[in-house]
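Colleague: Here's a structure for you.
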Amino acid sequence: MAEDGSKRALATVFAIVFVDLLGFGILIPIIPLYAEHFGANEFVVGLLLASYSVMQFLFAPVLGRLSDERGRRPILLLSLFGSVVAWTLFGLAESLLVLFVARILAGAMGGNIATAQAYIADITPPEDRAKGLGLIGAAFGLGFVFGPALGGIFSSDAALSLARNVLPAVVPVNQFSLPSFAAAAICGLNLVVAALVLPETRTKRDSDEETTDERQSRLARLADAFADPALAGLVASFFLLSLAFSSMESMFVLFTEQQYGFGPEMNGYVLAYVGVVIAVVQGGLVGKLTDRYGERTLALVGVVLELVTLAALPFSPMLGDHLPAIGPLSGGLFVLLVILTPLAAGNGFANVSLTTLVSKSATEDTQGGAFGLTQSAGSIARAVGPIAAGALYAAVAYWLPFVLGGLLMLPIGYVLLTTFQGNGTPTPVN
């Protein structure tokens, strides 16, 4: 593929992933309250949220294999079409069952991330591949920054009023359906653009290149990599970090609704603020601080920040009761934002630092497998976290998922202190 064509294809794949995550992010502040509207308790909300990650985890390798056999382009287009159907169905839902069906379909189509990564690997030379794959991470971050903000905008009174004046009367317009239709429309636009400009990169010869022996060799290298204590500890740490943050995120909208009276609009803005902090930390601060202090130190700072702030988060309304209003902010909202800022920063520090330590702990031949393990651990955690958090929230106490999430930072700190030296290299095994 010519250089200009390769750049155009790379930009298109970036746009596909970004818009996919934008559509997903729009619904983050909507889904818990939408499910609650149909009578779901916190545990059922957790199941609904987790269903996306479960299906994404199951279908990512399926779509990846199909893209090897049938080509990248048709699988990406199919997944985009499926997302349009899923989010349209979500907006038309009149029962909790339909919400689950739509969410499950959306999660299965969200497995196209593996295909997008494979597409980038097809069109980039080895020396530029890390940069190309880094665009996937950037697209994730931007989708989670702008998505919740758009969700807040589309659920606002002004947007609802405008939509009722413009759309036909047969289209249901409310604070839950309009963001869903917006997500479907964005995915539909993405589908049209991709159909027009996205070239195919996979040939039959490419599909046949990897032999059974090569696949077995790769699996053997992967097993050897996971047998390494440092890498195993990092994978476990990444699982716990993702478990804690996904648990917090899944119950956050219900917590702020019940404790602060926030609706979808306000929750969208608050979650967008969290996304901006994470993006600034990961994009601007981590590199400079890592050069000065090292990955292990920065990861430890991150887990300490998350331990304190996750444990303090559910008590922010009580802390805010002792403060007067500060400008347009109530005392409770001010305390909430004060806690969320270091929480988001800590997550950014820990995520990037742990990923870097994974890279340092793996050999050149096992880099891909090591990253695959950490991403799989994160996917499983994002599936388990909302279910466990919803059960604890509903059956025990609303504050328990947050406090336990903070306590999960302790074993991560133990791994970092005992498995790695100050310069971030694994401690030698005697």
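The values are calculated or read from the model by the stated rules, or taken from the named source; none is laboratory data. This one's a predicted model, so the numbers in the text were calculated from it and none came from an experiment. Note: ideal-geometry Cβ built from the backbone for every residue, glycine included; neighbour counts use all protein chains shown. Calculation scope for accessible area: heavy atoms of the full protein, side chains included, ligands and nucleic acids excluded. Shrake-Rupley method; radii C 1.70, N 1.55, O 1.52, S 1.80 Å.
Colleague: What residue, among those in segment 276-288 that are open to solvent by 50 Å² or more (accessible area, probe 1.4 Å) and not charged (D, E, K, R), is modelled with the lowest pLDDT? It would help to see each step written out before you state the result.
Modeller: Let us first name the residues in segment 276-288 that are open to solvent by 50 Å² or more (accessible area, probe 1.4 Å), namely 276, 280, 282-283, 285, 288.
Applying the additional criterion that residues be not charged (D, E, K, R) yields 276, 280, 282-283, 285.
Values: 276: 85, 280: 83, 282: 77, 283: 70, 285: 83.
That would be 283.
Colleague: Follow-up question, since we're still on this one. Report the residue count in segment 36-53 for those that are closer than 19 Å to residue 272 by Cβ and not in a helix (DSSP H, G or I).
Modeller: First, the residues of segment 36-53 that are closer than 19 Å to residue 272 by Cβ: 49.
Going one step further and asking which of them are not in a helix (DSSP H, G or I), we end up with none.
Count: 0.
Colleague: Would you pick out the residues in segment 411-420 that are open to solvent by 50 Å² or more (accessible area, probe 1.4 Å) and in contact with a helix residue (DSSP H, G or I) (Cβ under 7 Å, 6 or more places away or on another chain)?
Modeller: Our first condition is that a residue be open to solvent by 50 Å² or more (accessible area, probe 1.4 Å); within segment 411-420, this holds for 411, 414, 417-418.
Matches in segment 411-420: 411 only.
Colleague: When only residues in segment 234-247 that are open to solvent by less than 10 Å² (accessible area, probe 1.4 Å) and of a type outside the set (S, T, N, Q) count, which is nearest to residue 354 (Cα to Cα)?
Modeller: Within segment 234-247, the match that is nearest to residue 354 (Cα to Cα) is 234.
Colleague: Could I ask something else about it? Is it fair to say residue 114 is crowded, with 20+ Cβ neighbours inside 10 Å and at pLDDT below 90? Spell out the reasoning first.
Modeller: Working: crowded, with 20+ Cβ neighbours inside 10 Å: yes; at pLDDT below 90: yes.
For residue 114, the condition - crowded, with 20+ Cβ neighbours inside 10 Å and at pLDDT below 90 - is met.
Colleague: Do any helices (runs of 4 or more DSSP H) lying entirely in segment 143-220 carry at least 2 residues that are open to solvent by 50 Å² or more (accessible area, probe 1.4 Å) and modelled with pLDDT of 90 or more, and which ones are they? Before you say what the answer is, go through the steps one by one.
Modeller: Details: elements: 157-166, 177-197, 204-209.
Of the helices (runs of 4 or more DSSP H) lying wholly inside segment 143-220, those with at least 2 residues that are open to solvent by 50 Å² or more (accessible area, probe 1.4 Å) and modelled with pLDDT of 90 or more span 157-166, 177-197.
Colleague: Is it the case that residue 336 is hydrophobic (A, V, I, L, M, F, W, C) and not in a helix (DSSP H, G or I)?
Modeller: Numbers: hydrophobic (A, V, I, L, M, F, W, C): yes; not in a helix (DSSP H, G or I): no.
No; evaluated as a whole, the condition is false for this residue.
Colleague: Next question, about the same structure. Residue under question is residue 262, and the condition is that it be free of Cβ contacts under 8 Å to residues at least 40 places away in the same chain and touching a strand residue (DSSP E or B) at 6+ places or on another chain (Cβ under 7 Å); does it hold?
Modeller: Details: free of Cβ contacts under 8 Å to residues at least 40 places away in the same chain: yes; touching a strand residue (DSSP E or B) at 6+ places or on another chain (Cβ under 7 Å): no.
Considered against the rule, which asks whether it is free of Cβ contacts under 8 Å to residues at least 40 places away in the same chain and touching a strand residue (DSSP E or B) at 6+ places or on another chain (Cβ under 7 Å), residue 262 comes out as no.
Colleague: Answer yes if at least one residue in segment 50-58 is closer than 22 Å to residue 191 by Cβ, surrounded by fewer than 20 Cβ atoms within 10 Å (Cβ to Cβ), modelled with pLDDT under 90 and of a type in the set (A, V, I, L, M, F, W, C), and no otherwise.
Modeller: Of the residues in segment 50-58, the ones closer than 22 Å to residue 191 by Cβ are 52, 55-56.
Then drop every residue that is not surrounded by fewer than 20 Cβ atoms within 10 Å (Cβ to Cβ), which leaves none.
Within segment 50-58, none of the residues are closer than 22 Å to residue 191 by Cβ, surrounded by fewer than 20 Cβ atoms within 10 Å (Cβ to Cβ), modelled with pLDDT under 90 and of a type in the set (A, V, I, L, M, F, W, C).
Colleague: Another question, if that's okay. For segment 88-101, state whether one or more residues are open to solvent by 10 Å² or more (accessible area, probe 1.4 Å), in a helix (DSSP H, G or I) and under 16 Å from residue 56 (Cβ atoms).
Modeller: Yes, segment 88-101 contains a residue that is open to solvent by 10 Å² or more (accessible area, probe 1.4 Å), in a helix (DSSP H, G or I) and under 16 Å from residue 56 (Cβ atoms).
Colleague: Also, I was wondering about something else. Just for segment 325-357: of the residues that are β-branched (Val, Ile, Thr) and open to solvent by 20 Å² or more (accessible area, probe 1.4 Å), which one is farthest from residue 251 (Cα to Cα)? Spell out how you get there, then give the answer.
Modeller: As a first pass, look at segment 325-357 and keep what is β-branched (Val, Ile, Thr): 326, 335, 338-339, 341, 352, 355-356.
Those left that are additionally open to solvent by 20 Å² or more (accessible area, probe 1.4 Å): 326, 338, 341, 352, 355-356.
Details: 326: 26, 338: 19, 341: 18, 352: 24, 355: 26, 356: 29 Å.
Across segment 325-357, the extreme among qualifying residues is 356.
Colleague: Please determine, by comparing only the residues of segment 250-272 that are in contact with a Pro (Cβ under 9 Å, 6 or more places away or on another chain) and open to solvent by 70 Å² or more (accessible area, probe 1.4 Å), which one is farthest from residue 311 (Cα to Cα).
Modeller: Selected residue: 269.
Colleague: Considering only residues that are modelled with pLDDT of 85 or more and over 24 Å from the mean Cα position of the chain (by Cα), look in segment 295-324 and name the one that is surrounded by the fewest Cβ atoms within 10 Å (Cβ to Cβ).
Modeller: Just the residues of segment 295-324 that are modelled with pLDDT of 85 or more, to begin with: 295-320.
So of that shortlist, the ones also over 24 Å from the mean Cα position of the chain (by Cα) come out as 297, 315-320.
On the way: 297: 19, 315: 15, 316: 25, 317: 18, 318: 11, 319: 16, 320: 21.
The residue in question is 318.
Colleague: Please list, ordered by residue number, the helices (runs of 4 or more DSSP H) wholly in segment 257-322 having 3 or more residues that are among the aliphatic types (A, V, I, L, M) and within 27 Å of residue 353 (Cβ to Cβ).
Modeller: On the way: elements: 264-280, 286-293, 295-312, 316-320.
Of the helices (runs of 4 or more DSSP H) lying wholly inside segment 257-322, those with at least 3 residues that are among the aliphatic types (A, V, I, L, M) and within 27 Å of residue 353 (Cβ to Cβ) span 264-280, 295-312.
Colleague: Scan segment 23-35 for residues that are modelled with pLDDT of 80 or more and in a helix (DSSP H, G or I) and jot them down.
Modeller: Of segment 23-35, the ones modelled with pLDDT of 80 or more are 25-35.
Within segment 23-35, 25, 26, 31, 32, 33, 34, 35 meet the criteria.
Colleague: Name the one entry in 417, 400, 408 that is at pLDDT 85 or above and over 23 Å from the mean Cα position of the chain (by Cα). Please lay out each step first, then the result.
Modeller: On the way: 400 fails: over 23 Å from the mean Cα position of the chain (by Cα); 408 fails: over 23 Å from the mean Cα position of the chain (by Cα).
Matching residue, one of 417, 400, 408: 417.
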